[in-house]
1. Mind listing whichever residues of the range 119-155 are without any contact (Cβ under 8 Å) to a residue 24 or more places away in the chain and either within 16 Å of TYR69 (Cα to Cα) or of a type outside the set (A, V, I, L, M, F, W, C) (or both)?
2. Test each condition in (1) surrounded by 15 or more Cβ atoms within 10 Å (Cβ to Cβ); (2) touching a Lys or Arg at 6+ places or on another chain (Cβ under 9 Å); (3) charged (D, E, K, R) for ARG89 and report the one that comes out false.
3. Return the total of residues in the range 17-57 being open to solvent by 20 Å² or more (accessible area, probe 1.4 Å) and assigned to a strand (DSSP E or B).
4. Hey, ASN101 hits all of (1) surrounded by fewer than 16 Cβ atoms within 10 Å (Cβ to Cβ); (2) more than 15 Å from the chain's Cα centre (by Cα); (3) at negative phi; (4) touching a residue at least 12 places away in the same chain (Cβ under 8 Å) but one; which does it fall short on?
5. With the checklist (1) over 21 Å from ASP163 (Cβ atoms); (2) assigned to a loop (DSSP other than H, G, I, E, B); (3) not basic (Lys, Arg) in hand, flag the one item VAL95 doesn't pass.
6. Got a number for residues in the range 105-118 being free of Cβ contacts under 8 Å to residues at least 60 places away in the same chain and either open to solvent by less than 40 Å² (accessible area, probe 1.4 Å) or within 17 Å of LEU66 (Cβ to Cβ) (or both)?
7. May I ask you to list the residues in the range 119-169 that are of a type in the set (Lys, Arg), surrounded by 15 or more Cβ atoms within 10 Å (Cβ to Cβ) and in a strand (DSSP E or B)?
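The values are calculated or read from the model by the stated rules, or taken from the named source; none is laboratory data. Note that the coordinates shown come from a computational prediction; the quantities given were computed from them, not determined experimentally. No Cβ is skipped: glycine too gets one built from the backbone with ideal geometry, and neighbour counts run over all protein chains shown. The area values use the complete protein model at the heavy-atom level, side chains included, leaving out ligands, DNA and RNA. Shrake-Rupley method; radii C 1.70, N 1.55, O 1.52, S 1.80 Å.
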Amino acid sequence: AGVAETLIGNEKRTIRFASKASLLASATYQSGELPPVAEKLTQYTISLRVESGSNDLVDGEVTTSLPSYVSWLDLSSGDGQVSFNPSARTVLWEVGDVPSNNDATISFTIGFLPSISQVGKAPTLISSLNLKATDRFTGTVVRDTVPALTTVLSPEAGFDREDGFVERE
């Protein structure tokens, strides 16, 4: 009692925060019928963008699939490599590495040939998209998902919602 006590201690910790990777996707009209017409081809461009956030991303890849009524036209431009597996109907974009606070983009063309049974509907052009990459700083896997894209195009690009619904000839 009455003796002064002093507690001295040190602790060192390293805290690493994983980057927030973002995947963005959009479909735009390229050629053919708009609104789409049953049994007539309409071409769309699918544009994808991966944003890295505050850390470098490595070995990034984005996967999706095409419905049976959508054709792969093998026309693409942008960063990385994009490929289509016709038996599984999957699209793989090998994004590769994306430096911090940067992005990678790619665009590819698909063909949509609606059937009579799709009249009055806005069919899916590509299924949900999934991004998977590794955060170089933390070593953790980061992911993001974008819902399926349909024939209803962005009103911000000047398209009317009705332009996405399949019509009869």
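1. GLY139, PRO147, PRO155
2. (2)
3. 14
4. ASN101 satisfies every listed condition except (3).
5. All conditions pass for VAL95, except number (2).
6. Counting residues in the range 105-118 that are free of Cβ contacts under 8 Å to residues at least 60 places away in the same chain and either open to solvent by less than 40 Å² (accessible area, probe 1.4 Å) or within 17 Å of LEU66 (Cβ to Cβ) (or both) gives 1.
7. LYS132
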